[in-house]
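Single-structure report; data block below.
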Amino acid sequence: MNGPQRLLLALLCCLWPLHTVAQQTFSLPQYNADRVRYTQNSMVALGSWSVLNIGVGLIVSSNTDGQTKYFHQMNAIWNTANLGIAIAGYIHARKAADSSNNWQQSIDAQNRIEKIYLINGALDLTYIATGLYLRSRGDNTLDAGKADRLHGYGNSIIFQGGFLLLFDVVNYAIHYKHGHQLFSRFNRMDIGAGPGGVSMRYTF
């Protein structure tokens, strides 16, 4: 073996561990665990927001009147539902953490979580529109008590809808960026079928 050949062999020996590490940087179980962790963290954030709004809403609504009373009253009512969603979502995420997904199942789960946040975002816009409608109804109501209730409820729904829209947009962005890791590697797979069975090749 001459000098250049020895140099090439030494270079390959140095680069091979780096190539092996590069192959091992992506772990499908770890990827799925991270997705579940992101979901759990988001449910904790939603639950915390809900508890805060319920507590403040109950206290303030019982000590005020007019629009302020109804604003905080609706905040408490609205976040009772949010708290239930947060608890159910967290429990579901914990159950998902105990399962091991293959490539296709991981892709399905990733597409599902992204679609959920997109649908929720559309619903959030509907909530905001509903709040605006209630406020306009209040503007056209001669009954002062009813007008206060419509304005207070409307402002609360706009406020809660705005928070949920921000919440869903941020979580969609997190999961979309996370999903890019999975899809970029799945697209490097070359899967073929033949008389001898199914073959799969991964391009690094």
Residues of the range 164-190 being modelled with pLDDT of 90 or more and of a type in the set (A, V, I, L, M, F, W, C), which ones?
-> Leu164, Leu165, Leu166, Phe167, Val169, Val170, Ala173, Ile174
If we scan the range 95-118, do we find a residue that is modelled with pLDDT of 95 or more and over 19 Å from the mean Cα position of the chain (by Cα)?
-> no
Test: Val21 is modelled with pLDDT under 80, over 18 Å from the mean Cα position of the chain (by Cα) and open to solvent by 80 Å² or more (accessible area, probe 1.4 Å) | yes
Log entry, pairs with first residue in the range 152-166 being closer than 14 Å to Thr126 by Cβ and open to solvent by less than 40 Å² (accessible area, probe 1.4 Å), second being in a helix (DSSP H, G or I) and of a type in the set (Asp, Glu), beta carbons closer than 6 Å, six or more apart or on different chains, reads Gly161/Asp124; Leu164/Asp124
If you check Val44 against the conditions, is it of a type in the set (A, V, I, L, M, F, W, C), farther than 20 Å from Leu150 by Cα and within 18 Å of the chain's Cα centre (by Cα)?
-> yes
Residue among Gln110, Gln67 that is assigned to a helix (DSSP H, G or I), open to solvent by less than 20 Å² (accessible area, probe 1.4 Å) and touching a His at 6+ places or on another chain (Cβ under 8 Å) = Gln110
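The values are calculated or read from the model by the stated rules, or taken from the named source; none is laboratory data. Treat the numbers as computed from the prediction; the structure is a model and nothing was measured. In this analysis, Cβ positions are derived from the backbone assuming ideal geometry, glycine residues included, and neighbour counts consider all displayed protein chains. Keep in mind that these areas ignore ligands, DNA and RNA; they rest on the heavy atoms of the full protein, side chains included. Shrake-Rupley method; radii C 1.70, N 1.55, O 1.52, S 1.80 Å.
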